[in-house]
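Colleague: Sharing a structure, written as structure tokens. Questions coming.
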Amino acid sequence: MQNYQLSIITINYNDSIGLKKTMESVKAQSYKDFEHIVIDGNSNDDSLEVIKSYNYNNLKYISEPDSGIYNAMNKGIKRSHGEYLLFLNSGDVLENENVVKSVLPYLNKAYSILSGNLIFDEEKGRRLREHPNEISFSYLVGNAISHPSTFIKQELFSKYGNYDENFKIVSDWAFFLKALGLNNETYFKIPVTISVFDTKGISSKEENYEAVYKERRQVLELFFPRVFNNANDTYVFNKFISTNKRFKYLKVIDKSPFFRKLATLQLGISVWIINLFRKQE
């Protein structure tokens, strides 16, 4: 079986129009020596016909029922043969025909996770999202690393496990938190705009914000159980997520390596800081 420097994985369910856009952008790449894997969830529209209409050499696909997006993403991981993986789901497109060619020099095994820029194509216009040069803990907890513009070394999934299918929306966020926040995997910002993001994604819908919050809290309770062992700590966490400035105190302690391994203690420091302000309420 041929190994590749890059595998692009596309998840699709009943989005033949978006799938065609995605596959066109992948087919159009000037550099061709990469793998494209399409995981279709047994769609009942014409998605399968769209897939079969393409025959570029590096294309592989399956169409079968799955139990959700992370189950489908894990199927893609299992079938991939690339050193790095990029998840470009239906409706998302590579920004231009030279994206793969532009990023390959950075995929040199020196970094575990690499992120480029991402364009949000919204009703009011396009918006560019740039990831920071360095990933801090407050950034990880308060934001999301965009998987359509992020390259993940495949071996990380063997090291930390695949996406947790118990979560429906935030399992990729949990994976980045585990790899970067708890295990100090290496990160690099690529100075390239990678893709245009389809804002119809489940986690980007406004009605899912509450579900995102609930699942993120479940992840934090799983990773840092001692932080949530009393009502006062729970109050502090809710205080963090209830204001746009919720992580300003964490920034003070971002540079501490202890936070990477023992975040419980650092959140305890944050508890003490916020309690000072709580007394003034």
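Colleague: Out of region 149-164, which residues are touching a strand residue (DSSP E or B) at 6+ places or on another chain (Cβ under 9 Å), surrounded by fewer than 22 Cβ atoms within 10 Å (Cβ to Cβ) and among the aromatic types (Phe, Trp, Tyr)?
Modeller: Within region 149-164, Phe157 is the sole residue that qualifies.
Colleague: Out of everything in region 133-148 that is under 26 Å from Thr22 (Cα atoms) and free of Cβ contacts under 8 Å to residues at least 60 places away in the same chain, what residue ends up being surrounded by the most Cβ atoms within 10 Å (Cβ to Cβ)?
Modeller: First, the residues of region 133-148 that are under 26 Å from Thr22 (Cα atoms): 143-148.
Next cut, free of Cβ contacts under 8 Å to residues at least 60 places away in the same chain only: 143-146.
Details: Asn143: 16, Ala144: 16, Ile145: 22, Ser146: 20.
Looking at residues that are under 26 Å from Thr22 (Cα atoms) and free of Cβ contacts under 8 Å to residues at least 60 places away in the same chain, I get Ile145.
Colleague: Does region 80-95 contain at least one residue that is free of Cβ contacts under 8 Å to residues at least 60 places away in the same chain and in the same structural domain as Glu185 (by TED's automatic domain parsing)? Talk me through it step by step, then tell me what you get.
Modeller: Pass one, region 80-95, residues free of Cβ contacts under 8 Å to residues at least 60 places away in the same chain: none.
Checked against the condition, which is being free of Cβ contacts under 8 Å to residues at least 60 places away in the same chain and in the same structural domain as Glu185 (by TED's automatic domain parsing), region 80-95 yields no hits at all.
Colleague: I'd like the residue in region 21-46 that is of a type in the set (Ser, Thr, Tyr) and in contact (Cβ under 8 Å) with a residue 40 or more places away in the chain and, out of all such residues, is farthest from Ser80 (Cα to Cα).
Modeller: In the first step, residues of region 21-46 are kept if they are of a type in the set (Ser, Thr, Tyr); the result is 22, 25, 30-31, 43.
Now restrict to residues that are in contact (Cβ under 8 Å) with a residue 40 or more places away in the chain: 22, 25, 30-31.
Details: Thr22: 18, Ser25: 19, Ser30: 21, Tyr31: 18 Å.
Among them, the one singled out is Ser30.
Colleague: Still on this structure, I have one more. Restricting region 55-93 to residues that are more than 18 Å from Phe151 (Cβ to Cβ) and aromatic (Phe, Trp, Tyr), which is surrounded by the fewest Cβ atoms within 10 Å (Cβ to Cβ)?
Modeller: Among them, the one singled out is Tyr56.
Colleague: Across region 186-215, which residue is surrounded by the most Cβ atoms within 10 Å (Cβ to Cβ) among those that are within 15 Å of the chain's Cα centre (by Cα) and at pLDDT 95 or above? Give the derivation first.
Modeller: Of the residues in region 186-215, the ones within 15 Å of the chain's Cα centre (by Cα) are 187-189, 194-199, 201-204, 212, 215.
Next cut, at pLDDT 95 or above only: 187-189, 194-196.
On the way: Tyr187: 20, Phe188: 20, Lys189: 17, Ile194: 27, Ser195: 25, Val196: 21.
Here the residue is Ile194.
Colleague: Right, here's the next one. Could you check how many residues of region 90-127 are of a type outside the set (Gly, Ala, Ser), modelled with pLDDT of 95 or more and in a loop (DSSP other than H, G, I, E, B)?
Modeller: Number satisfying all stated conditions: 7.
Colleague: Which number in (1) of a type in the set (Gly, Ala, Ser); (2) outside any loop (DSSP other than H, G, I, E, B); (3) farther than 23 Å from Ser112 by Cβ marks the one condition that Ser7 misses?
Modeller: (3)
The values are calculated or read from the model by the stated rules, or taken from the named source; none is laboratory data. The structure presented is a predicted model; accordingly, all values stated were derived computationally and were not measured. Reconstructed Cβ throughout: ideal geometry from the backbone, glycine too, with neighbour counts over all protein chains shown.
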